[in-house]
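Structure first, commentary second.
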Amino acid sequence: MLARLTHLDRLEAEAIHIFREVAATFANPVMLYSVGKDSSVLLHLAIKAFYPAKPPFPFLHVDTTWKFREMIEFRDQIAKKLGFDLLVHINQEGVRDNVNPFDSGSNVHTHVMKTVGLRQALDKYGFDAAFGGARRDEEKSRAKERIFSFRNAQHAWDPKRQRPEMWKIYNTRVAPGESIRVFPLSNWTELDIWQYILQENIPIVPLYFAKRRPVVERDGMLIMRDDERMKLKPGEVVEDRLVRFRTLGCYPLTGAIESDAETLEEIVSEMLTARTSERQGRLIDRDESGSMEKKKREGYF
Amino acid sequence: MKADPVQAAESVREYLESQNRKSLLRFLTCGSVDDGKSTLIGRLLSDTRQIFEDQLSALERDSRKHGTTGDEVDFALLVDGLEAEREQGITIDVAYRFFSTAKRKFIVADTPGHEQYTRNMATGASTADLAIVLVDARQGVVAQTRRHSIIASLLGIRHVIVAINKIDLVGFDQQIFDRIASEYREFAKDLHFSSIMPIPISARYGDNVTTRSANSGWYSGPTLLDHLETVAVDEISIDAPFRFPVQYVNRPNLDFRGFAGTIASGSVLVGDEVVVAKSGKSARVKRIVAQGGDLDGAVSGQAITLVLDEEVEASRGNMLVAPTARPQVADQFAANIVWFDENGLKPGRSYILRTETDQVGATVTDLKYRININNFAHEAAKSLAMNEVGICNISAQAPIAFDTFAENRTTGAFILIDRMSNATVGAGMILHGLRRADNIHWQSLDIGKHERAQAKNQKPAVFWFTGLSGSGKSTIANLLEKKLHASGHHTYILDGDNVRHGLNRDLGFTDADRVENIRRVAEVARLMTDAGLVVLVSFISPFRAERQMARELMEKGEFIEVFVDTPFEECVKRDPKGLYARALSGSLKNFTGVDSPYEAPEDPEIHLETLGKSTEELVEILENWLHERDIEQEQYDDGGGI
């Protein structure tokens with residue numbers, strides 16, 4: 001007697017199907033690996049999709065040089081353990097110009113180090129398809145995006161001219177220079193991600209779990225002082241508080257939440273009673289309504 | 001204070017398990033502009049408590065800026081995620097939203113009402129099981145209600161909720177509700193819906209959305225959410241015949257060869273016999289490989305990797321199927337087509353047809369009729385414009401394996417892609433295979449192309465001269481033929497003007513006729529190469545897609561595209577037949593370069609820039625090119641001449 005598929009079974013099958021479709025139809029795909037929980041799930045699914053072979057594409061991390069130190073450690077440890085081909089790209093022009101979240105502002109920093117850095121890396125290696133871990137439940141403009149999302153030769157997304165996407169029949173054709181961003185987790189929700197991490201026992205960065213960490217209150221957010229580059233403003237004090245992160249990015253732009261959730265079950269239970277969305281901890285979304293769409297049109301993931 | 005951690009963890013796991021067992025309903029909201037689709041979804045999300053505080057405060061901010069509901073929160077702004085949408089107060093593209101209740105999980109596609117964005121509505125409908133068709137109680141059933149209902153039906157949706165919205169604005173009048181409901185039922189009686197549920201609602205105020213309204217005491221049916229939670233979802237039956245489109249062949253080393261794909265229907269167990277659809281070869285399933293341990297069996301919807309007990313040939317695009325209930329394999333079939341592109345469907349033009357995993361060149365050989373969305377009348381048509389629906393016969397360059405769409409939504413569907421722009425221009429639902437191809441078998445003859453060409457001591461070729469009228473195509477082709485003839489070649493010239501007087505005299509100069517014109521000439525050229533001739537085709541042939549189609553008809557290396565590149569101004573000056581004068585004065589319509597486009601070749605074998613060169617010099621370029629090619633080819637074979 002064969003069992004009916006569960007909700008997670010269906011989501012998993014859809015993602016695996018998408019991975020294989022790209023491997024079968026693109027010349028030079030890459031998976032964007034951003035070290036967060038969604039990337040961890042994506043990596044896990046990529047491995048399942050091609051087992052017993054290894055995923056037939058490299059993994060790319062666009063390092064802004066401002067990620068949490070624990071993220072970089074985790075990244076290197078996972079790459080070593082799984083033996084996958086990890087490419088790390090840093091926008092050296094941005095480093096040279098000393099672009100950073102404090103002096104340049106979150107918008108400029110994100111644009112130069114992340115969006116431009118990503119475009120540089122895609123051009124450098126000539127990737128024609130790039131997997132990302134974005135989900136439609138994260139944000140309004142993401143809710144509008146196709147699973148196979150076309151980008152012109154300048155890496156720009158034109159939300160008004162998206163290709164129709166019928167059934168599971170994906171149009172994977174691109175002209176030279178053009179590319180497709182592919183989102184296997186499009187139909188997953190935040191709860192699905194946690195539930196899958198729990199079910200499959202997927203390793204994630206410890207920053208997601210509550211621990212006493214040195215934080216500073218700034219602009220209504222709790223920013224963890226991960227290294228000496230963060231200068232204190234007058235009146236600011238570093239306190240050790242019991243905190244964790246719902247999403248991970250550049251440490252100066254990622255707000256911690258006060259929490260005592262130390263296990264996956266406690267995280268889920270906390271999430272079920274949460275009154276704010278996970279992106280609330282992201283400074284870059286706050287600038288103005290529609291800011292995510294703008295970034296995506298410029299080539300942000 | 002934390003609760004007992006062990007007990008808390010246990011209850012979280014129980015909760016998650018119950019979530020995991022819930023069924024999923026995918027539905028869409030559709031209907032005309034301003035019928036309140038986005039508002040309804042905003043209301044559903046809000047009433048089922050799926051909106052976070054930070055999202056609510058952003059919504060309040062946006063409502064003040066862009067809202068259309070005065071001081072109240074405009075729920076439509078929750079789903080209209082694009083800036084252009086919020087500014088214009090309309091929905092352009094489909095948005096996907098997720099929510100769940102105690103009984104079920106939902107993915108809802110909020111689709112645009114404007115006719116020009118119908119393709120985005122179709123995108124949302126293609127993966128949905130149920131459609132909520134919104135109708136404004138003040139307007140009743142309008143054209144867009146019908147168009148969306150027809151598309152939903154064609155795309156295989158079997159359940160419809162007719163949400164008669166803004167019922168508050170007609171004073172909760174039961175007669176209005178009854179009239180619209182029966183009008184819809186009458187209209188939809190031929191659409192094969194298995195359930196139609198009319199519900200009076202006010203999306204803005206929430207009447208009968210998630211809670212029963214006190215304002216419509218006469219209504220005794222379920223609320224919208226009640227119905228969504230209880231309607232029976234037609235899951236792909238695991239009792240249907242086994243269909244496994246091969247998506248990817250996993251071959252990490254010589255010892256492992258796995259067929260990866262997603263089961264489209266049915267189920268499979270280790271030991272089962274399966275058949276390769278296109279070849280009829282059979283084998284048994286030896287393993288179902290998965291990380292963490294092989295599986296004993298798998299069901300429809302599962303993405304798996306199969307290993308067979310024998311080496312059978314099956315690459316991407318083929319299908320492994322149940323031996324006793326096989327799909328059809330044919331290169332000709334009839335299908336419903338929904339057209340998406342600004343450039344209309346042109347019978348005779350070659351498109352790329354894609355099924356879930358197969359890809360093949362295909363043309364619409366016969367547009368049987370267009371469906372009038374107001375009265376279902378079948379209308380004769382020469383092409384399908386954007387958002388139109390029609391029934392077509394399709395001819396593919398190679399056979400594909402398929403079921404009818406009515407039998408299987410996965411193996412009976414395809415999309416059409418434009419060869420040049422790579423745009424997805426249409427979607428198709430297969431009605432039935434056409435048996436013609438089976439009856440007209442290719443005659444297997446003892447004397448073949450090779451023998452005929454040998455007798456002439458030459459290699460067949462097609463010189464395809466393309467360029468504007470008056471660019472010099474025919475003059476160059478004529479001189480080249482003389483020279484080839486003089487050197488002992490067997491040649492023939494197909495000239496645009498000459499062919500139009502005979503074979504193609506029934507064709508005019510519309511885009512559709514131009515496409516057919518080129519198709520016929522290309523087929524004739526192919527027969528002539530089969531006869532062993534060197535063919536010189538001298539046709540304006542303005543569209544890249546048709547030249548590409550002609551190229552694909554010939555054997556590799558046989559098609560030589562010659563771009564006769566003369567500037568437009570020069571052609572106008574020469575005007576050997578006085579045609580430009582007439583076209584520019586407006587008395588001659590659809591003239592290439594004037595009011596009909598010419599798409600220059602991007603990568604022709606030979607690019608002749610004619611300005612300042614005599615015909616002799618140009619033909620010399622062609623001869624030199626041929627000479628160099630022959631030297632190259634002599635290293636591979638000893639064919640004579642061209």
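Tell me, please, whether a residue that is in a loop (DSSP other than H, G, I, E, B), within 23 Å of B:SER38 (Cα to Cα) and of a type in the set (Ser, Thr, Tyr) can be found in segment B:177-197. No, segment B:177-197 contains no residue that is in a loop (DSSP other than H, G, I, E, B), within 23 Å of B:SER38 (Cα to Cα) and of a type in the set (Ser, Thr, Tyr).
For segment B:34-63, a tally of residues being touching a helix residue (DSSP H, G or I) at 6+ places or on another chain (Cβ under 7 Å) and among the small types (Gly, Ala, Ser) returns 3. Of everything listed in (1) among the hydrophobic types (A, V, I, L, M, F, W, C); (2) outside the structural domain of B:VAL338 (by TED's automatic domain parsing); (3) under 21 Å from B:SER395 (Cβ atoms); (4) modelled with pLDDT of 85 or more, the single unmet condition for B:TRP442 is (4). Residues that are surrounded by 18 or more Cβ atoms within 10 Å (Cβ to Cβ), in a helix (DSSP H, G or I) and more than 32 Å from the chain's Cα centre (by Cα) within segment B:546-597 comprise B:CYS571, B:VAL572, B:TYR580, B:ALA583, listed in sequence order.
Checked against the criterion of being surrounded by 19 or more Cβ atoms within 10 Å (Cβ to Cβ) and modelled with pLDDT of 95 or more, the candidates B:VAL321, B:VAL270, B:VAL307 yield just one match: B:VAL321.
Suppose we filter B:ASP168, B:ASP173 for residues that are closer than 25 Å to B:ARG212 by Cα, open to solvent by 10 Å² or more (accessible area, probe 1.4 Å) and in contact (Cβ under 8 Å) with a residue 40 or more places away in the chain; which single one remains?
On the way: B:ASP173 fails: in contact (Cβ under 8 Å) with a residue 40 or more places away in the chain.
B:ASP168 is the lone residue from the list that is closer than 25 Å to B:ARG212 by Cα, open to solvent by 10 Å² or more (accessible area, probe 1.4 Å) and in contact (Cβ under 8 Å) with a residue 40 or more places away in the chain.
Which residue is least open to solvent (accessible area, probe 1.4 Å), if the candidates are limited to segment B:1-31 and must be more than 10 Å from chain A (Cβ to nearest Cβ) and among the small types (Gly, Ala, Ser)? Walk me through how you get there before you give the answer.
To start, the set of residues in segment B:1-31 that are more than 10 Å from chain A (Cβ to nearest Cβ) comprises B:4, B:7, B:14, B:18, B:25, B:27-31.
If we keep only those that are among the small types (Gly, Ala, Ser) too, we end up with B:18, B:31.
Details: B:SER18: 47, B:GLY31: 0 Å².
Per the stated criteria, the residue is B:GLY31.
Residues that are in a helix (DSSP H, G or I) and surrounded by fewer than 19 Cβ atoms within 10 Å (Cβ to Cβ) within segment A:199-223 comprise A:GLN199, A:GLU200, A:PRO206, listed in sequence order. Would a scan of segment B:378-393 turn up a residue that is under 16 Å from the mean Cα position of the chain (by Cα), in contact (Cβ under 8 Å) with a residue 60 or more places away in the chain and within 13 Å of another protein chain (Cβ to nearest Cβ)? Yes; the residues of segment B:378-393 include at least one that is under 16 Å from the mean Cα position of the chain (by Cα), in contact (Cβ under 8 Å) with a residue 60 or more places away in the chain and within 13 Å of another protein chain (Cβ to nearest Cβ).
Scanning segment A:105-124 for residues that are farther than 20 Å from A:SER39 by Cα, out of contact with any His (no Cβ under 8 Å at 6 or more places or on another chain) and among the polar types (S, T, N, Q) turns up at least one hit.
So which residues in segment B:411-429 are open to solvent by 30 Å² or more (accessible area, probe 1.4 Å) and either without any contact (Cβ under 8 Å) to a residue 60 or more places away in the chain or more than 13 Å from the chain's Cα centre (by Cα) (or both), if there are any at all?
As a first pass, look at segment B:411-429 and keep what is open to solvent by 30 Å² or more (accessible area, probe 1.4 Å): B:419-421.
Selection gives B:MET420, B:SER421.
Of all residues in segment B:242-255, which are out of contact with any helix residue (DSSP H, G or I) (no Cβ under 9 Å at 6 or more places or on another chain) and modelled with pLDDT under 95?
Filtering segment B:242-255 for residues out of contact with any helix residue (DSSP H, G or I) (no Cβ under 9 Å at 6 or more places or on another chain) gives B:242-246, B:251, B:253-255.
B:ARG251, B:ASN253, B:LEU254, B:ASP255, listed by residue number.
Any idea which residue in segment A:59-71 is nearest to the other protein chains (Cβ to nearest Cβ), counting only those that are hydrophobic (A, V, I, L, M, F, W, C) and in contact with a strand residue (DSSP E or B) (Cβ under 9 Å, 6 or more places away or on another chain)? Even if it seems obvious, please write down each step before you answer.
Taking segment A:59-71 first, the residues hydrophobic (A, V, I, L, M, F, W, C) are A:59-60, A:62, A:66, A:68, A:71.
From what's left, in contact with a strand residue (DSSP E or B) (Cβ under 9 Å, 6 or more places away or on another chain): A:59-60, A:62, A:66, A:68.
Details: A:PHE59: 18, A:LEU60: 22, A:VAL62: 25, A:TRP66: 24, A:PHE68: 23 Å.
If we take residues in segment A:59-71 being hydrophobic (A, V, I, L, M, F, W, C) and in contact with a strand residue (DSSP E or B) (Cβ under 9 Å, 6 or more places away or on another chain), then A:PHE59 is nearest to the other protein chains (Cβ to nearest Cβ).
For B:VAL364, work out the one condition from (1) surrounded by fewer than 23 Cβ atoms within 10 Å (Cβ to Cβ); (2) closer than 20 Å to B:ALA122 by Cβ; (3) of a type in the set (Val, Ile, Thr); (4) more than 14 Å from chain A (Cβ to nearest Cβ) it doesn't fulfil. Answer for B:VAL364: the failing condition is (1). Apart from one condition, A:VAL88 fits all of (1) surrounded by fewer than 23 Cβ atoms within 10 Å (Cβ to Cβ); (2) within 14 Å of chain B (Cβ to nearest Cβ); the exception is (2).
Pick from A:ARG20, A:ARG75: which is open to solvent by less than 10 Å² (accessible area, probe 1.4 Å), among the charged types (D, E, K, R) and in contact (Cβ under 8 Å) with a residue 12 or more places away in the chain? Reasoning before the result, please.
Numbers: A:ARG75 fails: open to solvent by less than 10 Å² (accessible area, probe 1.4 Å).
The unique qualifying residue is A:ARG20.
Scanning segment A:9-29 finds one or more residues that are under 21 Å from the mean Cα position of the chain (by Cα) and away from chain B (no Cβ under 12 Å).
Condition test on B:ALA137, is it under 16 Å from B:LEU28 (Cα atoms), small (Gly, Ala, Ser) and either in contact with a strand residue (DSSP E or B) (Cβ under 6 Å, 6 or more places away or on another chain) or open to solvent by 10 Å² or more (accessible area, probe 1.4 Å) (or both)?
Working: under 16 Å from B:LEU28 (Cα atoms): no; small (Gly, Ala, Ser): yes; either in contact with a strand residue (DSSP E or B) (Cβ under 6 Å, 6 or more places away or on another chain) or open to solvent by 10 Å² or more (accessible area, probe 1.4 Å) (or both): yes.
No: the conditions fail for B:ALA137.
Selection within segment B:489-518: residues that are closer than 20 Å to B:ARG551 by Cβ, out of contact with any helix residue (DSSP H, G or I) (no Cβ under 7 Å at 6 or more places or on another chain) and at pLDDT 85 or above. The member of this set that is surrounded by the fewest Cβ atoms within 10 Å (Cβ to Cβ) is B:GLU516. Only one of (1) among the hydrophobic types (A, V, I, L, M, F, W, C); (2) more than 21 Å from the chain's Cα centre (by Cα); (3) part of a helix (DSSP H, G or I); (4) under 23 Å from B:VAL231 (Cα atoms) fails for B:ALA125. Which number is that? With respect to (1) among the hydrophobic types (A, V, I, L, M, F, W, C); (2) more than 21 Å from the chain's Cα centre (by Cα); (3) part of a helix (DSSP H, G or I); (4) under 23 Å from B:VAL231 (Cα atoms), B:ALA125 is out only on (2). Taking the stated definitions as given, is A:PHE68 among the aromatic types (Phe, Trp, Tyr) and either open to solvent by 30 Å² or more (accessible area, probe 1.4 Å) or within 20 Å of the chain's Cα centre (by Cα) (or both)? So A:PHE68 passes the test.
For segment A:30-58, the candidate set comprises residues that are basic (Lys, Arg) and open to solvent by 30 Å² or more (accessible area, probe 1.4 Å); within that set, the residue that is farthest from the other protein chains (Cβ to nearest Cβ) is A:LYS54. Listed by first and then second residue, the pairs linking a residue in segment B:267-291 that is at positive phi and basic (Lys, Arg) to a residue that is modelled with pLDDT of 95 or more and open to solvent by less than 40 Å² (accessible area, probe 1.4 Å), with Cβ atoms under 7 Å apart and 6 or more places separating them unless they lie on different chains, form an empty list.
Quick check on my filter: what residues within segment B:113-137 are free of Cβ contacts under 8 Å to residues at least 60 places away in the same chain and closer than 18 Å to B:ALA76 by Cβ? Let's see the steps before the verdict.
To start, the set of residues in segment B:113-137 that are free of Cβ contacts under 8 Å to residues at least 60 places away in the same chain comprises B:117, B:120, B:123.
Answer for segment B:113-137, where residues must be free of Cβ contacts under 8 Å to residues at least 60 places away in the same chain and closer than 18 Å to B:ALA76 by Cβ: B:TYR117, B:ASN120.
Residues that are within 7 Å of chain B (Cβ to nearest Cβ) and at pLDDT 90 or above within segment A:135-151 comprise just one, A:ARG136. Can B:ASP54 be described as at the interface with chain A (Cβ under 7 Å from one of its Cβ atoms), in a helix (DSSP H, G or I) and over 30 Å from A:GLN199 (Cα atoms)? Against the criterion (at the interface with chain A (Cβ under 7 Å from one of its Cβ atoms), in a helix (DSSP H, G or I) and over 30 Å from A:GLN199 (Cα atoms)), B:ASP54 does not qualify. Which one is farthest from B:ASP403 (Cα to Cα) among residues in segment B:243-266 that are within 12 Å of chain A (Cβ to nearest Cβ) and not in a strand (DSSP E or B)? Looking at the filtered set, the residue picked out is B:ASP255. With respect to A:ALA175, is the statement that it is modelled with pLDDT under 90 and surrounded by fewer than 18 Cβ atoms within 10 Å (Cβ to Cβ) true? For A:ALA175, the condition - modelled with pLDDT under 90 and surrounded by fewer than 18 Cβ atoms within 10 Å (Cβ to Cβ) - is not met.
The values are calculated or read from the model by the stated rules, or taken from the named source; none is laboratory data. These numbers come from a predicted model, not from an experiment. Cβ: placed from backbone, ideal geometry, glycine included. Neighbour counts: every protein chain shown. Keep in mind that these areas ignore ligands, DNA and RNA; they rest on the heavy atoms of the full protein, side chains included. Shrake-Rupley method; radii C 1.70, N 1.55, O 1.52, S 1.80 Å.
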